[in-house]
Each structure stands twice: as C-alpha cells, then as structure tokens.
Amino acid sequence: MNQEQPKIPQATAKRLPLYYRFLKNLDSSGKQRVSSAELSEAVKVDSATIRRDFSYFGALGKKGYGYNIQYLLSFFRKTLDQDEVTRVTLIGVGNLGKAFLNYNFIKNNSTKIEQAFDINPEIVGKEVGGVPIYHFDELEERLTPDVAIAILTVPASVVQPITDRLVQIGIKGILNFTPARINVPDTVRIHHIDLAVELQSLVYFLKNYPLD
Ligand code: ATP
C-alpha cells in the first residue's frame, strides 16, 4: 500500500482488488459511471458497504449518476500500487510451481515472478514461462533486491529451513502453498493456502449445506 494514501480499514482494503477488477472491465467496455447497485450485483457486496467503502476513497456517488469509473480506477491504481509491478520470487518448481510460472500474475494485478529456485539439477538453469530457475544455493546472489515476497511450492518437509533463510535475507511476505505451518518473526507476514483443505471444505459444505 502506498504510504501517502489515507488509512482505510482492513476489511475495505481486502475488497479493493475485487472492485478494481470489475471497474477495469467496465472501463474497457467503454462505461464511464456505475451505480452502487450495479456494483453490488456484480461483486456480491451489499450496496451500503460499497458506499461506505467508497467514501473512504473520497468518492461520493451522486444520486442518479453513480460513481465516476475513471476517478475510482486512478484511486485504486495508486492505493494498490498498480502502477508499479510487485516483484515476487518462487521456491520449488514442481507441478504447482511450474503452473504458477506459466500463469504468472502480471495480467491480473501487476505482480510478476522474477525468478525461481529449486535444487533439482534437471530443472536448475532452465526457464519455465520465461522465468529463469536458479539453484537454491544461489539465493543470495540471484534474488533481485526489490523482491520482498516469496511463493513456497516446495515439499512440506523442507519449508521451515527455506523460510528461515528467506527471512534472513529480508523477505517480508510469504505465500505458503504447503500444508506445513511455519514459524516466522512478527515482522514477516504469512498467508497460507492449502488447496487440499480448501477442496475438502467445499465438498463438506456441498454435502452438509446443499444450495437447493
Ligand atoms: P507439487 O507439490 O508442486 O505438485 P511435485 O510433486 O512435482 O510438486 P514436490 O516433491 O512437492 O514435487 O517438490 C516440489 C519442488 O520443490 C520440486 O521441484 C523439488 O525439486 C523442489 N524442492 C525440494 N526440496 C527443495 C529445497 N530444499 N529447496 C528448493 N526446492 C526444493
């Protein structure tokens, strides 16, 4: 987040990428304004919440006119640092890691995987999706200085020592795709995505809370 922006509540901040994506689509389809009701329908957030969120951005919708899409987009771009590319690194180029390298995130939210690391000699020295893969031993030399986020797609058994090393060289945010819980100092933020658990939870909800 850009430091010069006014502070917005965390719950609001979490909805920003959702609003941003939808407004970008509206903008590219040539629309200039949008009502909170239209937005509400599209992003499934109630319109009172949208109006409150938008008031933090200094965007006051006019009755019968709605919100100016350009104004909102320029605010979101600044706030989400969309004008700048956030550079990320990836550790572990197995099946999941390869999928991320091929996908990369640049189209969606200006996040780019700069380089990846692995220890498998069959993959080190190659490129996947245009991203170079280095040996994890070369982490300190190869990591681009402005990279502060790492995606972990290594086996769970090695994730803690890898994390310790990442923390030591100044990584501030970690997206952990392994089922392992990792310990980090308070100055590092971890987000945990366990795909197997997410899928299991979906199955559970479908079974126990059928929609019709
Ligand atoms: P996935 O779990 O992504 O489907 P996979 O089953 O192909 O991957 P895993 O055994 O989970 O393979 O390992 C993922 C990747 O992590 C592999 O490419 C492996 O070489 C790499 N890896 C294993 N140990 C380390 C380590 N200590 N440092 C860096 N990379 C490692």
Checklist entry - Helix 69-79 versus the longest principal axis of the chain: what is the Cα-based angle in degrees, 0 to 90, to the nearest 10? => result 30 degrees
Checklist entry - Lysine pairs in the chain with alpha-carbon atoms under 19 Å apart, 8 or more places apart or on different chains: how many are there? => result 17
Checklist entry - Which length gain, in nm to one decimal place, applies between R33 and N183 when the Cα-Cα distance is subtracted from 0.36 nm times their residue separation? => result 49.4 nm
Item to check | Exposed-site-free run, longest, the chain (rule: GluC sites (Glu not before Pro); DSSP loop; at most 13 other C-beta within 10 Å) | outcome: 123-212
Next on the checklist: Between K14 and S201, what is 0.36 nm times their sequence separation minus the Cα-Cα distance? Round to one decimal in nm.
Outcome noted: 65.1 nm
Checklist entry - Of all accessible surface on region 10-79 at a 1.4 Å probe, what whole percent is carbon and sulfur? => result 52 percent
Item to check | Cα-based helix-to-principal-axis angle, 195-208 vs the chain, degrees rounded to 10 | outcome: 50 degrees
Checklist entry - So how far apart, in nm, are the two label points at Q160 and T49 if each is 7 Å from Cα heading toward Cβ? => result 3.8 nm
Item to check | Selection of trypsin sites (Lys or Arg not before Pro), region 104-212, meeting DSSP coil and at most 16 other Cβ within 10 Å | outcome: K126, K172, R181
Next on the checklist: For the chain, what does the convex hull of the Cα positions come to per residue, in cubic angstrom?
Outcome noted: 166 Å³
Checklist entry - Between T144 and I190, what is the label-to-label distance in nm when each label sits 7 Å out along the Cα-to-Cβ direction? => result 2.6 nm
Checklist outcome for this item: Rounded to the nearest 10, the angle in degrees between the Cα long axis of helix 159-168 and the longest principal axis of the Cα atoms of the chain comes to 80 degrees
Checklist entry - Any idea what diffusion coefficient region 86-197 gets from Stokes-Einstein, in µm²/s, Kirkwood Rh on alpha carbon pairs, 4 °C, 1.567 mPa s? => result 93 µm²/s
Next on the checklist: Using only the alpha carbons of region 10-79, what is the convex hull's orientation-averaged projected area in square nanometres?
Outcome noted: 4.2 nm²
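The values are calculated or read from the model by the stated rules, or taken from the named source; none is laboratory data. None of the values given here were measured: they were computed from a predicted structure. Cβ coordinates were reconstructed from backbone atoms using ideal geometry, including for glycine residues, and neighbour counts include every protein chain displayed. The accessibility values were calculated without ligands, DNA or RNA, using every heavy atom of the protein model including side chains. Shrake-Rupley method; radii C 1.70, N 1.55, O 1.52, S 1.80 Å.
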